[in-house]
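Structure first, commentary second.
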4 protein chains.
Amino acid sequence: MLFSEIEIDIRFSETDAMGVVWHGNYLKFFEDGREHFGKTFNLEYLAIFDNGYFTPIVKSEIDHKAPVYYGQVIKVITKYVPSKSAKIMFEYEVVNITTGELCAIGKTMQVFLDKESRTMELLTPDFYRQWKEKNNQ
Amino acid sequence: MLFSEIEIDIRFSETDAMGVVWHGNYLKFFEDGREHFGKTFNLEYLAIFDNGYFTPIVKSEIDHKAPVYYGQVIKVITKYVPSKSAKIMFEYEVVNITTGELCAIGKTMQVFLDKESRTMELLTPDFYRQWKEKNNQ
Amino acid sequence: MLFSEIEIDIRFSETDAMGVVWHGNYLKFFEDGREHFGKTFNLEYLAIFDNGYFTPIVKSEIDHKAPVYYGQVIKVITKYVPSKSAKIMFEYEVVNITTGELCAIGKTMQVFLDKESRTMELLTPDFYRQWKEKNNQ
Amino acid sequence: MLFSEIEIDIRFSETDAMGVVWHGNYLKFFEDGREHFGKTFNLEYLAIFDNGYFTPIVKSEIDHKAPVYYGQVIKVITKYVPSKSAKIMFEYEVVNITTGELCAIGKTMQVFLDKESRTMELLTPDFYRQWKEKNNQ
């Protein structure tokens, strides 16, 4: 299984008037997780772009298990989910390092969009098929 | 069926380097939708708070159907989803008014948290049961 | 003097753990103010873009006078500041409608960037000079 | 002179439709800089809070010198500005590490707010006076 881990300091601006991290900010943490996965396994956003594609998020889910307070540190575990279709899928776990608690789990799905025509690519692009083979996915 | 509709102007700061609204911002649009629903049907955040509860989001989902570009106007349709448990559930449709397209659909689930103890309320709070009866839900 | 006024509902996500609107979000309110000014006086972002320019913010200032709490409504007054140089300058007042208080004042300065070369235009573009004349600025 | 330096990876969500970091996000980078300064020199937000105070930003300024693109890395240099009044002042430099360019400079001013009464403290709090003495400020 391919996965990466990254620690993130919470910004004060990411908290809300309940005193906890606002739920929508977890999508930014997932983004940090994906970026870090990309750097670790050579599947970076800009490399994909250089191959001719945008990879917009078309689906995302977050399940919150416990709140995160300002001053606490989190860890995002980003797991690659293999798929036969022309999609990039990840699952995430957000762990509160300060308390040891699992705070949230989530999923995202990305598709390949031709960067010129902005139409969706229905077949797995060559560079991505090669990346999957190389990584036994 | 209880629902409300609100129009939202996209902020330039809500776009990203693909030139479209960044996917995570749809959770802000859902929030605008919930607020508007609350104002329309007397289920406002601050009224819930005065009854002793926070109602944090514990689950959210977004399915993107089409991008939204800067300069376009969207409409959020927020639909109340009846439930027997101590939860508040909504479904959302985001329509691009400029193009007529459905851009995204989504869901959120909220629970009742005692605002002092921050523990989850397992039984439907009285005020919410009354609200449901009054609105035939 | 050219100015416009717009009312804005605070988003819950715009508050922070102090229970008030996070200071950085005022730049979003200024943006809402500029957009509204643009719509009112035909100086919209996309019209400027169609004339060949981006107009990035190169300077911004915010002075906070009083906090804004969730549930309160604000009004942004956006005032055009005439200038002989190739710049667009605005001053802002943010008024808390709920309390009547002045919450913040601010300024922004924008320059004209050729949208192809991304170099700064040192002379006032024709379309903008005409806009100024038409509006006696 | 007291200062600290921190490197920040740009989030894709922090870019806008011009393809560069949205100007308002620099206030988040300044916040990261302040946090890091606080950790380095024992002037952390939560320590101040434990001494009885909030320290809201009452003034902020940003001067943009050059754009930052997605994929680039920045460094924020946060410099403490000594003052005899009951204020915390910082100056910031944002350097694009990828290009070597200075991207932005800025300032912030914070005051001490009694966390119970939310009134402004006009005299320098004891703990802060001691911190200044210890650090020769």
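The values are calculated or read from the model by the stated rules, or taken from the named source; none is laboratory data. These figures come from a predicted structure and were not determined experimentally. Every residue, glycine among them, receives a Cβ derived from its backbone with ideal geometry; neighbour counts consider all protein chains shown.
State whether one or more residues within region D:61-80 are in a loop (DSSP other than H, G, I, E, B), surrounded by 16 or more Cβ atoms within 10 Å (Cβ to Cβ) and without any contact (Cβ under 8 Å) to a residue 24 or more places away in the chain. No, that holds for no residue. Does residue A:85 satisfy being part of a loop (DSSP other than H, G, I, E, B) and over 24 Å from residue D:34 (Cβ atoms)? Yes; evaluated as a whole, the condition is true for this residue. Of all residues in region C:11-55, exactly one satisfies the criterion of being assigned to a loop (DSSP other than H, G, I, E, B) and among the β-branched types (Val, Ile, Thr), namely C:55.
When each of C:58, C:95 is tested for being closer than 24 Å to residue D:63 by Cβ, modelled with pLDDT of 95 or more and either among the charged types (D, E, K, R) or in a strand (DSSP E or B) (or both), the lone residue that passes is C:58. Within region A:75-94, restricting attention to residues that are in contact with an Asp or Glu (Cβ under 7 Å, 6 or more places away or on another chain) and of a type in the set (A, V, I, L, M, F, W, C), the residue that is farthest from the other protein chains (Cβ to nearest Cβ) is A:77. Just one residue in the set C:24, C:38 is of a type in the set (Gly, Ala, Ser), within 7 Å of another protein chain (Cβ to nearest Cβ) and crowded, with 17+ Cβ neighbours inside 10 Å; that residue is C:24. Just so you know, in region B:40-69 the residues that are among the acidic types (Asp, Glu) and within 16 Å of the chain's Cα centre (by Cα) include one that is farthest from residue B:124 (Cα to Cα), and it is B:63. Counting only residues that are of a type in the set (Asp, Glu) and either in contact with a Cys (Cβ under 7 Å, 6 or more places away or on another chain) or loosely packed, with under 13 Cβ neighbours inside 10 Å (or both), region D:118-137 holds 2 of them.
Quick one: would you say residue D:58 is more than 13 Å from chain C (Cβ to nearest Cβ), buried (at least 16 other Cβ atoms within 10 Å of the Cβ) and β-branched (Val, Ile, Thr)? No; evaluated as a whole, the condition is false for this residue. Screening residue A:113 against (1) at the interface with another protein chain (Cβ under 9 Å from one of its Cβ atoms); (2) farther than 23 Å from residue B:119 by Cα; (3) out of contact with any strand residue (DSSP E or B) (no Cβ under 6 Å at 6 or more places or on another chain); (4) not hydroxyl-bearing (Ser, Thr, Tyr) leaves a single unmet condition, (3). Residue count for region B:98-117, restricted to those that are surrounded by fewer than 17 Cβ atoms within 10 Å (Cβ to Cβ) and in a loop (DSSP other than H, G, I, E, B): 7. Checked against the criterion of being surrounded by fewer than 22 Cβ atoms within 10 Å (Cβ to Cβ), over 22 Å from residue A:11 (Cα atoms) and in contact with a helix residue (DSSP H, G or I) (Cβ under 9 Å, 6 or more places away or on another chain), region C:9-20 contains one or more residues that satisfy it. Return yes when residue C:111 is more than 20 Å from residue D:63 (Cα to Cα) and of a type in the set (A, V, I, L, M) and no when it is not. Criteria not met by residue C:111. Residue count for region B:41-50, restricted to those that are within 14 Å of residue B:132 (Cβ to Cβ) and surrounded by 15 or more Cβ atoms within 10 Å (Cβ to Cβ): 3.
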